[in-house]
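The values are calculated or read from the model by the stated rules, or taken from the named source; none is laboratory data. From a predicted model like this one, the values you see are computed outputs, not experimental measurements. Virtual Cβ from ideal backbone geometry, glycine too; neighbours counted across all protein chains shown.
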Amino acid sequence: MVLTLVEHEDGEVDDVSLQTLALARDVAEQSGESLDAIAFGSDAEAIAEAVGAHGVETLQIVDDDALADYAPEAYGRAVAQCAEELGTEAVIAPGTDRGAETLAHAAAKLDVTMAAEVTAVEVGDAYELTRQRWGGTLIEHSKLTADTNVLTVAANEVSASETDGGAAAVEAFAPDVDDGDLRVRLAEVEESDVEGVPLGEARVVVSGGRGTDGDFSELEELVERVPNAALGSSRAAVNEGWRPHDDQIGQTGAKIAPEIYIPCGISGAVQHMVGCKGAENILAINTDPEAAIIQKADYAVIADLHEVAPAIAEELEARGHAE
Ligand SMILES: Cc1cc2nc3c(=O)[nH]c(=O)nc-3n(C[C@H](O)[C@H](O)[C@H](O)COP(=O)(O)OP(=O)(O)OC[C@H]3O[C@@H](n4cnc5c(N)ncnc54)[C@H](O)[C@@H]3O)c2cc1C
């Protein structure tokens, strides 16, 4: 049997979990095994139909007050115990922050290796994996051989696909967790106070890096003039305390896919570029013609961003619209 961790909220299965079920189902079919899922929370039963439509036969539900809030080590313990009790051939989780953290703990408890960011599996004597490294800039082929193969699926790299299956059967799974497993747990959720268009949904993204020298006022004005635009930043600008982490684009920040991305005063480090590789066009504004971003951009203006950004905003104003 192949056991898949499924994340959900308000009765809805998370998109990356549905993608993960598609890869897990492929693994199960290649191995001639059934596909089961494990989900946490008193409301997990509400997803039985949705996961059933993605090939899950049985949904194991962990409904335990101590695990009502996310607790990585305890969740990992529960997944590991479930895998051991059911004698699973593989444990697969979505490559989200929580999916990866939970599975790393589960793998440690099972005393096996975990492979992260997998995009395809060929099942033979070993699992032949294709997986992403360094934010997707390197594709690795590797083998995983263990009694239980533990892996996460890279987000947004595999398409979710439905079957004609009905609702999954539901079973309760009661893990045995102790206080030690609950040392780290979710204490509080703070809503982000960032307003405007979310970075991931914006049609135009203007962002600033260390080259702004901390002055984002012209970039903010430009964003205000363009419909469906959002402001982003490099990690250097976040580290300087100029922008909140929510604005960061890159390997350890947001992944964006706008029609046009306008990085201003950003050098184009690989960790930044993996966050904007989905952009259709890149217009770089940078004083250094040798900056890496110039090679990667579709268009470039070699000039001071503090002059170019207001000039673009003025031109938009003069034209009376910004379509
Ligand atoms: C594990 C890891 C994860 C990381 N994750 C991320 C990530 O998610 N996102 C990210 O962005 N970085 C990330 N980084 C950091 C990354 O490696 C770079 O250090 C960072 O992106 C650099 O930011 P920057 O381009 O703003 O600054 P710099 O590299 O200092 O570049 C500043 C640029 O501004 C230009 N400039 C200066 N003045 C002006 C001006 N007046 N007008 C126009 N141009 C000007 C300069 O020519 C230069 O090209 C990560 C690093 C590591 C090790």
(message) Quick check on the stretch 234-256: of everything there that is among the charged types (D, E, K, R) and touching a residue at least 40 places away in the same chain (Cβ under 8 Å), which residue is farthest from the ligand (Cβ to nearest atom)?
(response) Asp246
(message) outside the structural domain of Leu59 (by TED's automatic domain parsing), closer than 30 Å to Leu5 by Cα and surrounded by fewer than 17 Cβ atoms within 10 Å (Cβ to Cβ): which single residue out of Glu240, Glu190, Glu259 fits that description?
(response) Glu190
(request) Being touching a Pro at 6+ places or on another chain (Cβ under 9 Å) and either within 14 Å of the ligand (Cβ to nearest atom) or in a strand (DSSP E or B) (or both) narrows it down to one of Leu231, Leu283, so name that one. (result) Leu283
(request) Determine the pairs where a residue that is on the phi < 0 side of the Ramachandran plot, located within the stretch 257-276, has a partner that is near the ligand (Cβ under 8 Å from one of its atoms) and in a strand (DSSP E or B) with Cβ atoms under 6 Å apart, the partner being 6 or more residues away or on another chain. (result) Cys264/Gly208; Cys264/Ile285; Gly275/Ile249; Cys276/Ile249
(request) Answer yes or no: is there a residue in the stretch 194-201 that is within 16 Å of the ligand (Cβ to nearest atom), at pLDDT 95 or above, more than 30 Å from Thr113 (Cα to Cα) and surrounded by 20 or more Cβ atoms within 10 Å (Cβ to Cβ). (result) no
(request) Please state which one of Arg185, Arg225 is in contact with a Phe, Trp or Tyr (Cβ under 9 Å, 6 or more places away or on another chain) and more than 9 Å from the ligand (Cβ to nearest atom). (result) Arg185
(request) Have a look at Leu151, Leu110, Leu103 and point out the one that is within 16 Å of Ala28 (Cβ to Cβ) and crowded, with 19+ Cβ neighbours inside 10 Å. (result) Leu151
(request) Quickly run through the stretch 295-323 and pick out the residues that are surrounded by 17 or more Cβ atoms within 10 Å (Cβ to Cβ) and within 11 Å of the ligand (Cβ to nearest atom). (result) Ala300, Val301, Leu305, His306, Val308, Ala309
(request) Among the residues of the stretch 262-279, count how many are more than 10 Å from the ligand (Cβ to nearest atom) and either in the same structural domain as Leu138 (by TED's automatic domain parsing) or modelled with pLDDT under 95 (or both). (result) 3
(request) Just one of (1) out of contact with any Pro (no Cβ under 9 Å at 6 or more places or on another chain); (2) under 20 Å from Ile282 (Cβ atoms); (3) more than 16 Å from the ligand (Cβ to nearest atom) trips up Asp179, so point out which. (result) (2)
(request) Any chance you could count how many residues in the stretch 123-169 are of a type outside the set (S, T, N, Q) and on the phi > 0 side of the Ramachandran plot? (result) 3
(request) Look at Asp288 and say whether it is surrounded by fewer than 17 Cβ atoms within 10 Å (Cβ to Cβ), assigned to a loop (DSSP other than H, G, I, E, B) and in contact with a His (Cβ under 9 Å, 6 or more places away or on another chain). (result) no
(request) Consider Ile256 carefully, then state whether it is assigned to a loop (DSSP other than H, G, I, E, B) and over 18 Å from Asp304 (Cα atoms). (result) yes
(request) Quick one: which strands (runs of 3 or more DSSP E) lie wholly within the stretch 123-200 and hold at least 1 residues that are in contact (Cβ under 8 Å) with a residue 60 or more places away in the chain and within 18 Å of the chain's Cα centre (by Cα)? (result) 149-153
(request) Those residues that are buried (at least 19 other Cβ atoms within 10 Å of the Cβ) and closer than 26 Å to Ala28 by Cα, I need them from the stretch 54-71; list them, please. (result) His54, Gly55, Val56, Thr58, Leu59, Gln60, Ile61, Val62
(request) Filter the stretch 203-212 down to the residues that are surrounded by 24 or more Cβ atoms within 10 Å (Cβ to Cβ) and not in a helix (DSSP H, G or I), then identify the one that is nearest to the ligand (Cβ to nearest atom). (result) Gly209
